[in-house]
Amino acid sequence: MSALLWLAAALILVGAEALSGELVLLMLAGGALAASGVALFDLPLVVDGIVFAGVSVLLLGAVRPVARRHLMRRPMLATNAEALQGKTATVVTTVDGQGGQVRLDGAVWSARALHSSDVFESGQDVMVMQIDGATAVVWKG
């Protein structure tokens, strides 16, 4: 009977983890699942508790940090504004420290020079250094 209680506890913890997303309750669910397996052998309840605590601590200390590192890692494929940094754009209207326009990936973008003293004339190729809102910050690269 205690094996079913440990299994129910593990399922409840997994459900609660779905709401929190911190991976702590998932590690505790792993401990409860291990305790459920041990409870099948009709050992004293203290042994179940020791297995639950030991496996939970082991999972929290060894598995959770690795899992969090993998979850927090940025995607290898740059998207949105990150994908535009480093691309070459063509000046459409004169770009200086105040503004101008460039053609970037087939679209016309507002642009300004990285250094306020730089001026880029129409037809020049420039490199996008960063995207600031809807403005491409460019530099002669």
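Per-structure values
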{"quantity": "Complete set of residues in the range 108-141 that are aliphatic (A, V, I, L, M) and under 15 Å from GLN85 (Cα atoms)", "calculated": "ALA111, ALA113, LEU114, VAL126, MET127, VAL128, MET129, ILE131, ALA134, ALA136, VAL137, VAL138"}
{"quantity": "Selection from the range 30-56 of residues that are open to solvent by 20 Å² or more (accessible area, probe 1.4 Å) and under 36 Å from the mean Cα position of the chain (by Cα)", "calculated": "GLY30, LEU33, ALA34, GLY37, GLY49, ILE50, VAL51, PHE52, ALA53, GLY54, VAL55"}
{"quantity": "Segments classed as strands (runs of 3 or more DSSP E), wholly inside the range 30-132, with at least 2 members that are out of contact with any His (no Cβ under 9 Å at 6 or more places or on another chain), more than 30 Å from LEU4 (Cβ to Cβ) and free of Cβ contacts under 8 Å to residues at least 24 places away in the same chain", "calculated": "101-104, 107-113"}
{"quantity": "Count of residues meeting criterion [crowded, with 16+ Cβ neighbours inside 10 Å and assigned to a helix (DSSP H, G or I)] in the range 3-29", "calculated": "14"}
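The values are calculated or read from the model by the stated rules, or taken from the named source; none is laboratory data. On a predicted model such as this, the values are computed, not experimentally measured, just so you know. Reconstructed Cβ throughout: ideal geometry from the backbone, glycine too, with neighbour counts over all protein chains shown. These accessible areas exclude ligands, DNA and RNA; they are computed on the full protein's heavy atoms, side chains included. Shrake-Rupley method; radii C 1.70, N 1.55, O 1.52, S 1.80 Å.
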